[in-house]
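First the structure, in the form of structure tokens, and then the observations on it.
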Amino acid sequence: MASGIFNSTYYNRDSNPGAALLRARRPYLFKNAATGVALVAFTIGVYAYTISAVGQDEFSDVKVPETPAKKQ
């Protein structure tokens, strides 16, 4: 008796999803797609906010010396 993926009723011998797997996934397709879009939008929003916040920093409170420090 063979074991592994070929005993599965969800995949055929060519490793393509079968009708049973497609039927099992169908109720979750929209929810998973919506969750994926929400996660990508959140990630892009955090990235954009971070770049915007860092870009506004003027570093006016940082004291820059006139000449570089000499080695001793």
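Can you tell me the FRET efficiency between ALA34 and TYR10 if r is taken as the Cβ-Cβ distance and R0 is 25 Å, rounded to the nearest 0.05?
Values: r = 24 Å, r/R0 = 0.95.
Calculated value: 0.60.
How far is helix 29-55 tilted off the main Cα axis of the chain, in degrees rounded to 10, range 0 to 90?
The helix 29-55 is inclined about 10 degrees to the chain.
Which value at 222 nm does the chain reach when only helices count, each DSSP H run of 4 or more adding -39,500 (n - 2.57), with the total divided by all residues and rounded to the nearest 500 deg cm²/dmol? Write out the running numbers ahead of the final one.
Numbers: 2 runs with 34 residues, N = 72.
Taking each H run of at least 4 residues, the total per residue is -16000 deg cm²/dmol.
If you take the charge dipole of the chain about its Cα centre, with +1 on Lys and Arg Cβ and -1 on Asp and Glu Cβ, which of VAL37, THR9, VAL54 is farthest toward its positive end?
Towards the positive end, the residue furthest out is THR9.
Read-outs throughout are calculated quantities, based only on the coordinates presented, and are distinct from any laboratory measurement. Predicted model, so just to flag it, every value in this text is computed and none were measured. Here the Cβ is made from the backbone with ideal geometry for all residues, glycine too, and neighbour counts use every protein chain on show.
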